[in-house]
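Since the structure comes first, as structure tokens, the remarks are kept for the end.
The values are calculated or read from the model by the stated rules, or taken from the named source; none is laboratory data. Please read these numbers as outputs of a predicted model, since none were measured by experiment. Virtual Cβ from ideal backbone geometry, glycine too; neighbours counted across all protein chains shown. Calculation scope for accessible area: heavy atoms of the full protein, side chains included, ligands and nucleic acids excluded. Shrake-Rupley method; radii C 1.70, N 1.55, O 1.52, S 1.80 Å.
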Amino acid sequence: LIVSVEITFRQNFLLMSFLNPWKATSNANVKTVPSLPAVTPAEKQRSKQVEWLRQEVVGLEELQLNVLYQVQVNSAGNVFYIVIHLPQGFPKDHPELSVTPPMEHPWIDEKCHIVGSPLLKNFSMHTSLGRVVSQLIKEFIDHPPRLREAESLQSDGTMHRIVRAAPPVPSKPAHLNVHPISSEGHQRYTMPPVPETFSKLNEYSTDKLQHFLHEIESVIDLDEFITKLPIIVKIREDRGQILSENEVLASENVSFESKLEDAWEELQETFLQLNSLREGFRKLHDEHNKYLKKYKPSKVIVKLSGAIQESEHKSEVRSYSAH
């Protein structure tokens, strides 16, 4: 029993050493890899919140990694989007949620920001963002919001209501040919099953096993025995394959960098143009309302009626004068 425990301990120690290749060793020829900066608790919680969001919200679309997301909602024949913006201080700071196009709902303010959700009001670092968005989707389906309306003037001078819809937040440009992968598509590595016993040890005598335990030079023999185990060979092969796949994936991601930068600049220019057009529309709309009040159809009709009566009166006076 002591021999079995000792061998199992050595086997586990070597297995853990193998699975942690970056750990410094006493071999002077082994190059050490510089450690990465430590992840802060806030960064860990932010990543956890994003993972919760991806798990609980079906159809979530990532517009900017760990910053901007949107999800489409179909409710009572209307299609709109919930836009989720994670500020730099998130999750210590509340997430910013809004809808587009403009909608009317008790939970939505005049600027299309979502402010009435109970979970959002009481949001903390440990509140699941996925639950917040899921509650919003359920609320908007159970109590459908209405598209915000605007007034317009018909050709006959009467007022009617029209719906002014805004486009959804733009997705990643199609020409980039980038296909985001959801968290469900990630393949996690599964360790091969570790056998409870090693039948190969049955071939050794008790003296040989005692030799493994107490003799220093036997460590080399024991290491050789462990490294030739099928599970260790399988893990080595899997690790090499995963490293190769990661290198290919990293190269592909680097190749997209310039395209993403160009797309981001294009998006910023488009956004500036949108703001410019929106400001121009606002000015024209204000001017339109000013003239609409000044030349109200009912006032114009009254003035025209008075002018017609006055013209008829003058015409009759001239007719009598001519006789």
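What to note about this one:
- Unique residue being β-branched (Val, Ile, Thr), free of Cβ contacts under 8 Å to residues at least 12 places away in the same chain and open to solvent by 10 Å² or more (accessible area, probe 1.4 Å) when the list is Val79, Val67: Val79
- Residue that is surrounded by the fewest Cβ atoms within 10 Å (Cβ to Cβ) [pool: residues in the range 84-139 that are more than 19 Å from Leu68 (Cβ to Cβ) and among the acidic types (Asp, Glu)]: Glu110
- Per this entry, Asp156 is not counted among residues that are among the acidic types (Asp, Glu), over 29 Å from the mean Cα position of the chain (by Cα) and modelled with pLDDT of 75 or more.
- Filter result for Ile308 (surrounded by 11 or more Cβ atoms within 10 Å (Cβ to Cβ) and among the β-branched types (Val, Ile, Thr)): no
- Each residue in the range 199-232 was checked for being in a loop (DSSP other than H, G, I, E, B) and modelled with pLDDT of 75 or more, and 4 pass.
- If you go through the range 267-291 and pick out every residue that is of a type in the set (D, E, K, R) and open to solvent by 100 Å² or more (accessible area, probe 1.4 Å), you end up with 5.
- Residue pairs whose Cβ atoms lie under 9 Å apart, separated by 6 or more positions or on different chains, with the first residue in the range 114-137 and charged (D, E, K, R) and the second open to solvent by 60 Å² or more (accessible area, probe 1.4 Å), are Lys121/His94; Lys121/Val115; Arg131/Trp52; Arg131/Glu56.
- Lone unmet requirement of (1) at pLDDT below 85; (2) among the hydrophobic types (A, V, I, L, M, F, W, C); (3) closer than 30 Å to Pro193 by Cα for Val248: (1)
- The range 89-109 residues that are farther than 13 Å from Ile137 by Cα, paired with ones that are outside any loop (DSSP other than H, G, I, E, B) and among the charged types (D, E, K, R) (beta carbon under 7 Å, 6 or more apart): Phe90/Arg46; Pro91/Arg46; Met103/Arg146; Glu104/Arg146
- Test for Lys314: is it more than 49 Å from the chain's Cα centre (by Cα), free of Cβ contacts under 8 Å to residues at least 60 places away in the same chain and in a helix (DSSP H, G or I): yes
- The condition of being outside any loop (DSSP other than H, G, I, E, B) and at pLDDT 65 or above holds for only one of Ser134, Ser124, that being Ser134.
- Put simply, of Ala150, Ala165 the only residue that is open to solvent by 60 Å² or more (accessible area, probe 1.4 Å), at pLDDT below 60 and closer than 30 Å to Thr100 by Cα is Ala165.
- Selection from the range 86-114 of residues that are more than 18 Å from Gln45 (Cβ to Cβ) and in a loop (DSSP other than H, G, I, E, B): Pro101, Pro102, His105, Pro106, Trp107, Asp109, Glu110, Lys111, Cys112
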